């Protein structure tokens, strides 16, 4: 799919309305996992809950786990929304991180908000971008590697109907499944990828 087709297919107002219907914003300071505990499960990306990969073999394990979960969440989803976020002192988006421009060049600005205004002399603004990408290794692996290396954060992957969300982070991935039954099936399928902590973190 070329860039012009992506642009034509990305209706930001419709996406915002759908997102609000599917995933209404939780109350302030309540994380998504607490707002949707029956649909949330966290998986770790390396054996033994190791956080960061040291070599290409471990990157391979990490990426395989991400793609396995994405395939099991949406086996028929050929395209995904890719949402990325950045934080800085600018109230309006200026220039995206070079790394994000490289791995997600078609992203469009979706919205901005005040992330932290506790210090009036150091207000932090968040900026959100969205694109549509094929659910393929070629399209997603460069971004997933940046997340694994803690170069970027705040990434969310979702199918076009937003029935589930996948939030990769440095160390694993948070699944917000279409239902509690799907969440439980994923958990049962990959017990070795789960945290041993009672909180599931």
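We did not get these values from a lab; they are worked out from the coordinates using the rules stated. For clarity, every value in this text was computed on a predicted model and none was experimentally measured. Glycine gets a Cβ as well: all are built from the backbone with ideal geometry, and neighbour counts include every protein chain shown.
Okay, here's what the table says:
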{"read-out": "FRET E, pair residue 108, residue 78, Förster distance 22 Å, beta-carbon r, rounded to 0.05", "value": "0.65"}
{"read-out": "Principal-axis tilt of helix 180-189 within the chain, Cα atoms, nearest 10 degrees", "value": "50 degrees"}
{"read-out": "Separation of the residue 89 and residue 122 label points, Cα + 7 Å toward Cβ, nm", "value": "1.0 nm"}
{"read-out": "Length added when fully stretched, residue 184-residue 68, from 0.36 nm per residue minus Cα-Cα", "value": "40.2 nm"}
{"read-out": "In degrees, nearest ten, helix 12-22 long axis to first principal axis of the chain (Cα)", "value": "40 degrees"}
{"read-out": "With Cα atoms, 0 to 90° folded angle of helix 137-148 axis to the chain main axis", "value": "90 degrees"}
